[in-house]
Amino acid sequence: MGEISMLAVDPDAQGRGVGSALTAFALDRMQATGMAVAMGETGGDPGHAPARHTYEQQGFQLFRVARYFKKL
């Protein structure tokens with residue numbers, strides 16, 4: 001399994017296909033090395049909407065997960 005843990009494009013450059021090109025490059029590399037699954041991760045807030053949109057355009061499906069934190 002390959003993972004894209006950070007997909008970030010300068011706001012001034014968004015909407016020009018940069019995120020899609022970065023994602024496609026990563027997916028090609030993962031596939032070339034024999035990986036069968038790719039995971040992309042991003043936040044659920046409005047600021048991460050462009051990344052979510054890019055993942056969805058590339059065929060990723062949302063996998064709901066609960067992640068818990070506790071301040072010690």
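Some points to look at:
- Toward the positive end of the charge dipole of the chain, with +1 on the Cβ of Lys and Arg and -1 on the Cβ of Asp and Glu, the farthest Cα among 43, 24, 13 is that of 43.
- Annotation: per residue accessible area for the chain equals 84 Å², rounded to a whole number [probe 1.4 Å, protein chains only].
- Within the chain, the chymotrypsin sites (Phe, Trp or Tyr not before Pro) that combine a DSSP coil assignment with at most 12 other C-beta atoms in a 10 angstrom radius are 63, 68, 69.
- Treating r as the C-beta distance of residue 3 and residue 64 and R0 as 25 Å, the FRET efficiency rounds to 0.90.
- Carbon + sulfur, % of accessible area of the chain - ligands and nucleic acids excluded, 1.4 Å: 56 percent
- Length-normalised contact order of the chain in % [C-alpha pairs under 8 Å, at least 6 apart]: 39 percent
- Reported label for calculated log10 I(q)/I(0) by the Debye sum over Cα atoms at q = 0.12, 0.15 Å⁻¹ given (1) -0.32, -0.49; (2) -0.36, -0.55; (3) -0.43, -0.67: (2)
- Charge context of residue 43, other residues only, Cβ under 12 angstrom, K/R +1, D/E -1: 0
- Sparsely packed trypsin sites (Lys or Arg not before Pro) within region 8-72, loop by DSSP, other Cβ within 10 Å at most 14: 16, 64, 67, 70, 71
The values are calculated or read from the model by the stated rules, or taken from the named source; none is laboratory data. All figures in this text were calculated on a predicted structure; none of them were measured in a lab. All Cβ positions, glycine included, derive from the backbone under ideal geometry; neighbour counts span all protein chains shown. Accessible surface areas use protein heavy atoms only, side chains included; no ligands, DNA or RNA. Shrake-Rupley method; radii C 1.70, N 1.55, O 1.52, S 1.80 Å.
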